[in-house]
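Reading through the structure tokens given below for one structure.
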Amino acid sequence: MRQDLPAEGRPLSDLLDDIRTRVLPYPMGNGHPRFFGWVNSAPSVAGVLVAPIAAALNPSCAGGDHAGVLLEHTVLRWLADLVGYPHRPGGGLLTSGASMATVVALAAARQHAAGRDGVDVREDGLYGRPPMVLYVSAEGHSCLRKAAELLGLGSRQVRIVPVDDGFRMDVDALRTLVARDVRAGLRPFCVAASAGTVNTGAVDPLDEIADVAAAHGLWFHVDGAYGALGALAGNAGYLGMARADSLVLDPHKWLGVPVDCGCVLWRDPALTRSTFSLVPAYLRDDHDGGIGWFSEYGPEQTRPFRALRTWATMSHLGRDGIIRLVDTTVRLAQRLAAMIDAAPDFELLAPVGTSIVAFRYRPVDRDDKLDELNRRIPAAVQHRGSAFLTGTQLAGAEALRACLLNPATTEDDLALLLDEIRAAAEIRP
Ligand SMILES: Cc1ncc(COP(=O)(O)O)c(C=O)c1O
């Protein structure tokens, strides 16, 4: 949008005209029932309704005794209760998203491990210490590596644990890697498992990984940014999630809270507070109820009123409504998988455990150019304008993936998606 900053201010009605003609016609499209890309939900109606109120109140939720802070404590408790994660006051933080939530969680993990070795990383940094090693599956999200780099651990110290046929972390391989690093004099400190990977929605064997973490004194982190809510669909694979030392769970994903709203929960509030707390005299608050300010649990000082959108979304749906939302979208994903299985020209590439379907187009006559074909398809589908799909790579092969987050999606939409892929594949480059 080429527009210069006007020298003179413009009336609000002019701005609304601009929004009508120059903003609204060009949305990302994630509000639409045929948006299947990445992990971007449609906004919840309740979240949209209250967003202007949060903006108008405009508090900083760094801390203090006001609605923004009180409501954040409430929604953190609700989110933990929803997925069966133990919660104590001071046991979490709303963040901009999972990427920031992961930085917070891994910083606490780093502080914890170094503390056990008698070192305070905040004072001494990582100088002169054996390298600290983080274990992530080959399907772990890139935000884990980014966090490791940002925290000075170095991506060379991020071990990529292989996955099994279901794209879940191979726990034997994890054990082998940890043992090898211990023998090499390194300091294994954290294993980051996924409760819903971004490529296939796979849930790692959390309980077994928790056992390995316990046996080796590793911090057990779970990335449930997309998939933690899948626990509500009765999937037994989530057993062990409650054993995590830290759990990331994004309200702005499956729950549909309007962006931005990530969340990190942790087992030990005092530890995370000791990782970040730095209270200059001008911010001292002698009436903080013993928990302290949210700004003592993460890097941000001024913090937006994210809790209002989350509270409104969760209150409006209620626990049963949230379960229905998850159930409906999981069933849609299973339906799409069944349609793909039944179609001679499509192939399912991974089991469907949550609401992501990984697959590829495989017309009988074009077997040799499958990678090239599937790499072209997402952009071609997007340009046709009836559905939005994105792609990925799975075990080195080009794949398509559909992420089902919108309960308004219908079976007709799923059939149309497959037809759109067929039509897009006919467009020659
Ligand atoms: C599994 C998983 N982890 C982490 C992230 C990063 O989340 P955010 O974009 O909110 O930082 C995503 C984003 O899709 C994700 O799917």
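A few comments on the model shown:
- Residue selected from the range 22-59 under the condition among the hydroxyl-bearing types (Ser, Thr, Tyr) and surrounded by 10 or more Cβ atoms within 10 Å (Cβ to Cβ), by the criterion farthest from the ligand (Cβ to nearest atom): Ser44
- Among all residues of the range 120-136, there is none that is within 16 Å of the ligand (Cβ to nearest atom) and farther than 20 Å from Arg187 by Cβ.
- Inside the range 83-108, residues that are more than 15 Å from the ligand (Cβ to nearest atom), farther than 19 Å from Ala193 by Cα and crowded, with 21+ Cβ neighbours inside 10 Å make up a count of 2.
- Qualifying residue in the range 185-195 (condition: charged (D, E, K, R), more than 23 Å from Ala358 (Cβ to Cβ) and crowded, with 19+ Cβ neighbours inside 10 Å): no
- In the range 220-246, the residues that are on the phi > 0 side of the Ramachandran plot never reach a residue that is among the polar types (S, T, N, Q) and within 16 Å of the ligand (Cβ to nearest atom) with C-beta atoms less than 9 angstrom apart, at least six apart or across chains.
- Qualifying position, being without any contact (Cβ under 8 Å) to a residue 12 or more places away in the chain, among the small types (Gly, Ala, Ser) and under 24 Å from Val39 (Cα atoms), among Ser137, Ser96, Ser142: Ser142
- Candidates in the range 70-82 are the residues that are in contact with a Phe, Trp or Tyr (Cβ under 7 Å, 6 or more places away or on another chain) and within 20 Å of Asp285 (Cβ to Cβ); of these, the one that is surrounded by the fewest Cβ atoms within 10 Å (Cβ to Cβ) is Thr74.
Computed from the coordinates by the stated procedures, all read-outs in this text should not be read as laboratory data. If you're wondering where the values come from, they're calculated on a predicted model, not measured in any experiment. Reconstructed Cβ throughout: ideal geometry from the backbone, glycine too, with neighbour counts over all protein chains shown.
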